[in-house]
Every structure is written in structure tokens, then in C-alpha cells.
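Below you'll find the structure, written out as C-alpha cells, and then a few comments.
Only the coordinates and a few stated rules stand behind these numbers; no lab work does. What you see is a predicted model; the values in this text were computed from it and never measured. Glycine also receives a Cβ, built like all others from the backbone with ideal geometry; neighbour counts cover every protein chain displayed.
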Amino acid sequence: MGQSKWIDISQPLTNDMAHFPGDTPFKYELTYTKQQTGSVNVGQITGSVHIGTHIDAPFHYDSDGKTVDQLEIDLYIGEAAVLDVSHTEKITAETLRPFKLHGASRVLLRTSLPNHPKRFPSQMPELDPSIADFLDEHGIKLIGVDVPSVDPPESKDLAAHHALYDKDIYILENLMLDHVTPGRYELVALPLAIGGADGSPVRAVLRSANAQEANTT
């Protein structure tokens, strides 16, 4: 039996997608049509680097931190555990403790927030900064979430961002995980090599060769 197909867990980039309040919305339009050029259609895009499914570079919350083009691409390729934490509105170290994380250096959290790319949530589950120590103890280097941010939109101190940063754990946000069965997968979520950028949209995909569940104890 061959390997299973790739599963797209990215938000489509559309002109009516939701964006972080006050940030630059996404827009795609044709700069020139084939009729105008006589040969090709040429499009352009504008929008925040934090639009849709995206990674945060440390420079996003630390002016001396690494920018997107300085990050190791190996962070965003490899084994990942998809964990269902939809039973709680506050995700703490205790929430994650029952899961078997051995062998996976990346975790993706499927929360209680339904995947609605065209609507910015008025409320969303909270990630307690305590998860950073727990994830670090288990060798986790990347956390992915299906919410717009690991901190509440109104936060100014960004406690979860900084707690993860202190443990060298990188951040992937706005995933689409409602259609994904919890378990172990191969993840590819490469950012664009944007010079000096604080973040980048990604095309995030998963593939499971065997449907191995991330069982709880």
C-alpha cells in the first residue's frame, strides 16, 4: 500500500478572508490582463505577513530576534503530533500531560474553535504560558495552533509568545485542523524566505503513512 495523500491544513488566501483587527487585509488582483499584455495575466498581492496560516519569527515580538529568512527550515519539516484539546477553553501543561509526545518535536493543537477562515473569532481558547516548560521538557521545537494567535488579540505583554520564545519553541498559527484525525503525521509548513520579515504565510500540509493515534494514557 502506498503512502497516504497530503492533507492541506492551510487557510485559503482569499479577498474575503478574516484578518487580525487593525492589520492589513489580504488582496489579490490582476495588475495586467492577458488582453492588455497580449501574452499573460499578471497578478499582485497585498496583505499582512500574518495573514491566514502563518509562522511568527522571533523578530515579531523581539526587535533583536531572528527574521524569517534567518530561521532553520528544518523546524517546519518533520514528524508532528496532532493533539485534540477541544475539551477545554484553557490549555495548560496539565491539559497536555496525558498525551504521548515521545519522538515528535512538533505539536499541533486542535482546539474548540471551529475553523472559519472568513470570520475573526470574538473569543478563542487561551494558551497558558505554563505549556512552554512542559513542551521544552519533551523536546518540542514547534507549536502549531488552529487559532489566530497563541495569545489573546488584546494582549500587550504576549505572555505565551515570550514563554515559548524563552524555550526556543517556534510558533505556527491559524491552522485548519477540524478535518484532521489526532495522531502522528509528517508536517511541511515552509515560510517564504522574506528578507527581514517578522512572519510569513505558509502552505501547511500533513501526511500520515499509517494512521497511528496519539493515544492518551
Task: Spin-label model distance (nm) - ALA193 vs GLN123, 7 Å beyond Cα toward Cβ - done: 4.5
Open item on the list: So if the hydrodynamic radius of the stretch 7-207 is defined as the Kirkwood radius over C-alpha pairs, what does Stokes-Einstein give as its diffusion coefficient at 37 °C and 0.692 mPa s, in µm² per second?
Closed with: 188
Open item on the list: So, R0 is 45 Å and r is the distance between the beta-carbons of THR33 and ALA93; what FRET efficiency does that work out to, to 0.05?
Closed with: 0.25
Task: R0 of 45 Å, Cβ-Cβ distance HIS179-ASP62: FRET efficiency to nearest 0.05 - done: 0.85
Task: Antiparallel content of DSSP bridges confined to the chain, in %, to 5 - done: 65
- [ ] Let me know the whole percent of all Cα-Cα pairs from the stretch 2-50 that are separated by more than 16 Å.
- [x] 58
Open item on the list: Could you check the spin-label model distance between GLU72 and GLN44? Points 7 Å from the Cα along Cα→Cβ, value in nm.
Closed with: 3.9
Task: Label-point separation, GLU137 to ASP16 (7 Å along Cα→Cβ), nm - done: 4.7
TODO: Rounded to whole Å and sorted largest first, list the principal axis extents of the Cα atoms in the stretch 1-108.
DONE: 60, 48, 31
TODO: Using a 10 Å cut-off on Cβ atoms, rank the peptides 12-24, 132-144 from the highest mean neighbour count down.
DONE: 132-144, 12-24
Open item on the list: Using a Förster radius of 22 Å, what is the FRET efficiency between GLU79 and LYS156 based on their Cβ-Cβ separation? Nearest 0.05, please.
Closed with: 0.05
- [ ] Collect residues whose amide H, placed 1.01 Å from N in the peptide plane, falls under 5 Å from the amide H of ILE91; neighbours closer than 5 in sequence don't count.
- [x] GLU126, LEU127, ASP128
TODO: For the chain, give the magnitude of the charge dipole about the Cα centre (Cβ charges: +1 Lys/Arg, -1 Asp/Glu; no others), in debye to the nearest 20.
DONE: 880
- [ ] Have a look at the stretch 125-179 and give its Rg and Dmax from the Cα atoms, expressed in angstrom.
- [x] 11.0, 33
